[in-house]
Every structure is written in structure tokens, then in C-alpha cells.
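Each value in this text was obtained by applying a stated rule to the coordinates, not by laboratory testing. What you see is a predicted model; the values in this text were computed from it and never measured. Reconstructed Cβ throughout: ideal geometry from the backbone, glycine too, with neighbour counts over all protein chains shown.
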Amino acid sequence: MYITLKEIMKKADKLNMTVGAFNMHNLEMLPGMIRSAKEVGAPIIIQTSIDTAKYIGYDVIVAVCKQLAENEIVDVTLHLDHAKDLEAIKDAIDAGYSSIMYDGSSLPFKENIAKTRAVVEYAHARGVSVEGELGTIGGTEEGVSVAEEDKQYTKPEDALRFVQETGVDALAVGIGTNHGQFKSKTNVNIPLLKKIHETVDIPLVLHGGTGVKESDYPELINNGIRKFNVGTELLVNWTETAKKYFVETPVNKSLRHNIIPCNDRVNEIIKHKCHLFMNLDSPLK
Ligand code: 13P
């Protein structure tokens with residue numbers, strides 16, 4: 001089914017698992033991403049940057065996600081990642097995205113609350129979920145850049161106030177992860193996550209999943225991470241595979257010979273992650 005972030009996370013919470021939120025960069029990747037989740041019996045969140053949505057077309061991405069969710073009988077949420085631009089948020093909602101992130105994390109605390117609350121009112125009136133962010137995630141990704149010295153960890157008491165005053169459906173937290181970290185792994189601050197999870201009764205979101213050790217997944221999930229973002233790992237693997245195949249394949253052979261291996265690589269990663277995200281060794285809540 002094509003469902004909202006709130007709905008998909010509610011199901012995940014009942015099963016004490018997390019949902020992989022995977023960034024797509026081109027339309028070629030998309031069907032395989034959803035079918036891979038289906039293959040391992042997991043739900044999936046597809047997320048796009050505003051630039052990717054504009055490049056492909058918001059409505060085209062919505063149509064493909066809805067169609068595949070129905071054909072494959074798998075839970076799919078389509079989410080706009082790191083939006084600061086209200087016009088883009090409106091475009092995504094009008095086109096049928098079922099979830100959006102308003103990223104006010106670089107704003108002063110009260111301004112972040114006020115702007116996030118306005119977005120929540122707009123989105124909820126249209127049946128769309130909202131993820132907010134408090135604290136910052138380091139590193140760089142499309143349109144988002146936070147220097148190491150500007151990185152801020154989320155304070156549990158601020159998180160409580162933010163959640164109460166904005167009405168967000170999910171909260172992205174700063175617990176030491178970085179966007180785009182694909183050559184090393186980070187040390188996630190699990191004690192801080194535990195405190196946040198004890199303080200706020202809301203699904204939590206982890207950004208910068210590429211740089212997170214798989215051995216940390218169970219503790220992250222057991223402490224309330226219900227949306228787990230992974231982008232760079234897919235991008236790097238798709239691109240590395242493309243570089244190899246585009247060089248080796250004769251120019252007059254169908255593009256399929258180049259693109260299918262790239263998609264296959266990404267699909268293997270998604271299946272592996274989705275399996276871990278189901279947290280199968282943990283007891284049910
Ligand atoms: P990575 O690209 O580091 O995996 O992070 C993805 C993300 O958090 C998208 O918002």
C-alpha cells in the first residue's frame with residue numbers, strides 16, 4: 001500500500017524494527033528498490049531531494065511509487081528529504097508525496113519551532129506526514145552542508161518542547177552521524193539517543209546511515225530509530241558500477257547492459273539493509 005510516514009512508522013514500532021529510507025537519484029533505480037524491499041518482506045521509504053524531484057518530475061515519481069506499491073503489495077512511503085523551500089514542499093504535497101521533511105535545523109530554536117509548526121498544519125490538513133529536525137547532522141549532501149564545528153547534538157529537553165509545540169510525526173536527531181560519510185564509520189552517541197527516546201514519545205529518524213556501523217543497528221532500533229536514512233552508499237555503488245560497465249560495453253549495445261548491473265548492485269545493498277532493519281533477533285514490543 002502507498003501510505004504515509006506516520007502509518008509506516010506505526011507498523012514498524014509495533015514490530016520493534018526500523019524502515020529503510022533510501023535516496024533515489026534517477027528513475028532507473030526506483031522499481032528495483034521497491035521490489036528489493038518486497039523480496040525480503042520489508043516496507044520501504046523512498047526519498048528524493050528537491051533537485052531529484054524536479055529533474056524527474058514530482059508527479060512521475062509519485063505515479064511509479066503508487067503503481068509499484070499496488071502491484072507488488074508492499075508498503076511504500078514517498079518522502080521529500082531535507083526541504084527548506086516552502087514552494088517545493090507544496091509542489092510535493094500537491095503531486096501526492098505522502099511525507100515531507102521540513103529542515104529548520106539551521107534556524108534559531110524558536111524560529112525552527114514556528115516554521116515547522118506552520119508546515120505541519122499545512123501538511124496535516126492534506127493528510128501528509130512531516131519529519132522535523134533538531135540538532136544537526138554533519139557532512140554534506142545535496143543542498144545540505146554542515147561543518148564539523150557547527151554540528152550540534154540534540155538536547156532531550158529541547159526535543160520534548162519541539163515535538164510538543166510543532167506536532168511533527170517524526171524527529172530527526174543529531175547523535176553524531178554525518179551525511180555522505182562513505183570511507184569510514186562514525187561513533188554514534190547511543191546514551192544520548194537513549195535519553196531522547198526516554199524523553200519524547202515519537203518515532204526518531206537517523207540521518208547519515210551510510211556512515212553507521214551495522215553492529216550498532218540493533219541498539220539504534222531498540223532505542224526508537226524508526227526511519228533509517230541511507231543515501232550515499234547506494235549512490236557510490238551505482239556510480240562505481242556504471243563507470244566500469246560504461247567503459248567495457250560496446251557503444252552500440254542496449255543501455256540495459258550498463259544499467260542493469262548498477263541497479264543489481266543497489267538492490268543487493270537494499271535487501272541486505274532491509275533484512276537487518278527488521279531487527280529479527282529482538283523480542284516484539
Ligand atoms: P547518507 O547519504 O550519508 O547515507 O545519508 C542519507 C540521509 O541522511 C539523507 O537525508
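Worth pointing out:
- Nearest-20 debye value, the chain charge dipole, Cβ charges on Lys, Arg, Asp, Glu: 480 debye
- Dipole moment magnitude, nearest 20 debye, the stretch 1-115 about Cα centre, only Lys, Arg, Asp, Glu C-beta charged: 360 debye
- Taking every DSSP beta bridge that has both ends in the chain, the antiparallel portion is near 10%.
- With 21 Å as the limit, the listed pairs K227/K271; K66/K213; K54/K84; K54/K227 have K66/K213; K54/K227 beyond it between alpha carbons.
- Crossing angle, helix 86-95 versus the chain [Cα axis fit, 0-90 degrees, rounded to tens]: 60 degrees
- Selection from I3, A69, Q47, by position along the positive dipole direction of the stretch 1-78 (Cβ): I3
- Cα centre as origin, Lys/Arg/Asp/Glu Cβ charges: the stretch 205-285 dipole, Debye: 280 debye
- Cα-Cα over 25 Å, subset of K183/K273; K183/K243; K11/K155: K11/K155
- Residue among G41, G132, G231 with the largest mean-square fluctuation in a Gaussian network model of the chain, springs linking Cα atoms under 10 Å: G41
- Ellipticity estimate at 222 nm from DSSP helix runs (n ≥ 4, -39,500 (n - 2.57)) divided over the chain, nearest 500: -15000 deg cm²/dmol
- Tilt relative to the chain, helix 58-72 - C-alpha long axis, 0 to 90 degrees, to 10: 80 degrees
- Of all DSSP beta bridges in the stretch 90-217, antiparallel share, percent nearest 5: 20 percent
- Positive-end residue of S254, G209, I225, charge dipole of the stretch 204-285 with Cβ unit charges: S254
- Over the chain: Kirkwood hydrodynamic radius from C-alpha pairwise inverse distances, Å: 18.9 Å
- By the compact-protein rule of thumb, 2.2 N^0.38 Å, the alpha-carbon radius of gyration of the stretch 29-140 corresponds to a ratio of 1.11.
- Furthest towards positive pole of dipole, N112, L78, V128, structure part the stretch 47-140, Cβ charges: N112
- Gyration tensor (Cα) of the stretch 1-57, equivalent ellipsoid semi-axes in angstrom: 23, 13, 8
- Other residues whose C-beta falls under 13 angstrom from the C-beta of V62 contribute a net charge of -3, scoring Lys and Arg +1 and Asp and Glu -1.
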